[in-house]
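To start, the structure itself, in structure tokens.
The values are calculated or read from the model by the stated rules, or taken from the named source; none is laboratory data. All figures in this text were calculated on a predicted structure; none of them were measured in a lab. A quick note on method: Cβ atoms are made from the backbone with ideal geometry, for glycine too, and the neighbour counts reach across all protein chains shown. Quick note on the areas: whole protein, heavy atoms, side chains included, nothing else; ligands and nucleic acids left out. Shrake-Rupley method; radii C 1.70, N 1.55, O 1.52, S 1.80 Å.
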Amino acid sequence: MDKTILIAPSTDPIKSVNAIIDYAESVKHDADFLHCDIMDGVFVENKTYSFRALRAINEKTLLPLDVHLMIDNPTKHINDFLNAGANILTVHYEAYKNKEQLIKDLKHIQEFGALSGLSIKPHTSVSEIIPYLYYIDVVLVMSVEPGKSGQKFIESTYEKVAQLNKIKIDYDVDFKIEVDGGVNPSISRNLKKFGADILVSGSYIYESENRLEAISSLR
Ligand code: DX5
Ligand code: ZN
């Protein structure tokens, strides 16, 4: 069955806030979201930008912001990112020792009026997050180790997407399935077949000579 897939170009390969704003401008007619990769140098080795930079980006683009927090202690920072304009706010399952707090944070994001996202690293199994799916609007399946763009897609991601679609039916829950890392047009065709809803793409779109064509080749 064919369905429309949403495309979220990622800010990860881009080094300055002004360049991110220019990038958002260059993809605004074709992208569905701007995927904003927030790294703190602790949860992952690299460091990107703060909520203040996110606010500046939000002021300059009409694209909805899909904010991927690759940070330690997300509880402390979610209000800053919500207030800065996140439309989807995604936290990492692995960043929480206290899973009661995870539920509180997911509910808080929803009550604020944003969509709540939960991301899992390649080594985290889908079955671990079943108890939280009732509080989640988007599951972000990492198809590379979080931390940098330009890595190779991990093939076991397809199975995770299939499992999540089965869980939706078995547990009668609804959420979108988003995949992040190493996506190109042939992988995107497969992900579509397995039932993904949103695809993140960093280097493939950013490095393409014609970004609008690159986006349509992922749909
Ligand atoms: C990886 C980031 C991704 C990254 C994807 O840590 O979460 O969003 O930008 O980039 P590509 O598509 O190049 O793997
Ligand atoms: Zn990301």
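So which residues in segment 1-25 are of a type outside the set (D, E, K, R), more than 20 Å from residue 85 (Cα to Cα) and away from ligand 2 (no atom under 16 Å from the Cβ), if there are any at all?
Step one: list which residues in segment 1-25 are of a type outside the set (D, E, K, R), which gives 1, 4-11, 13-14, 16-21, 23-24.
Adding the requirement that they be more than 20 Å from residue 85 (Cα to Cα) leaves 1, 4-5, 13.
Those that are of a type outside the set (D, E, K, R), more than 20 Å from residue 85 (Cα to Cα) and away from ligand 2 (no atom under 16 Å from the Cβ): 1, 4, 5.
Quick one: would you say residue 76 is in contact with a helix residue (DSSP H, G or I) (Cβ under 9 Å, 6 or more places away or on another chain), of a type in the set (Lys, Arg) and either closer than 26 Å to residue 204 by Cα or surrounded by fewer than 17 Cβ atoms within 10 Å (Cβ to Cβ) (or both)?
No, not satisfied.
For the condition within 14 Å of ligand 2 (Cβ to nearest atom) and hydroxyl-bearing (Ser, Thr, Tyr), what is the one hit in 188, 201? Break it down stepwise before answering.
Working: 188 fails: within 14 Å of ligand 2 (Cβ to nearest atom).
That would be 201, the only listed residue that is within 14 Å of ligand 2 (Cβ to nearest atom) and hydroxyl-bearing (Ser, Thr, Tyr).
For segment 160-185, what are the residues that are open to solvent by 60 Å² or more (accessible area, probe 1.4 Å) and part of a helix (DSSP H, G or I)?
163, 166, 169, 170, 171
A quick yes/no check of all residues on (1) within 29 Å of residue 15 (Cα to Cα); (2) among the hydrophobic types (A, V, I, L, M, F, W, C):
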site	(1), (2)
115	yes, yes
142	yes, yes
145	yes, no
160	no, no
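Of everything in segment 200-215 that's more than 9 Å from ligand 1 (Cβ to nearest atom) and either touching a residue at least 24 places away in the same chain (Cβ under 8 Å) or closer than 19 Å to residue 158 by Cα (or both), which residue is least open to solvent (accessible area, probe 1.4 Å)?
215
Taking residue 157 as meeting all but one of (1) over 24 Å from residue 46 (Cβ atoms); (2) polar (S, T, N, Q); (3) crowded, with 19+ Cβ neighbours inside 10 Å, write down the number of the exception.
(1)
Inspect all residues belonging to segment 45-66 and state whether any of them is open to solvent by 40 Å² or more (accessible area, probe 1.4 Å), under 26 Å from residue 133 (Cα atoms), part of a loop (DSSP other than H, G, I, E, B) and acidic (Asp, Glu). Even if it seems obvious, please write down each step before you answer.
Step one: filter segment 45-66 for residues open to solvent by 40 Å² or more (accessible area, probe 1.4 Å), giving 45-48, 50, 52, 55, 58-60, 62, 64.
Checking which are under 26 Å from residue 133 (Cα atoms) leaves us with 64.
Now restrict to residues that are part of a loop (DSSP other than H, G, I, E, B): 64.
Narrowing further to those that are acidic (Asp, Glu): none.
No: zero hits.
From the list 75, 48, which one is within 13 Å of ligand 1 (Cβ to nearest atom), more than 16 Å from residue 198 (Cα to Cα) and of a type in the set (Val, Ile, Thr)?
Values: 75 fails: within 13 Å of ligand 1 (Cβ to nearest atom).
Of 75, 48, the one residue that is within 13 Å of ligand 1 (Cβ to nearest atom), more than 16 Å from residue 198 (Cα to Cα) and of a type in the set (Val, Ile, Thr) is 48.
Across segment 188-199, what is the total count of residues that are crowded, with 22+ Cβ neighbours inside 10 Å and under 12 Å from residue 157 (Cα atoms)?
2
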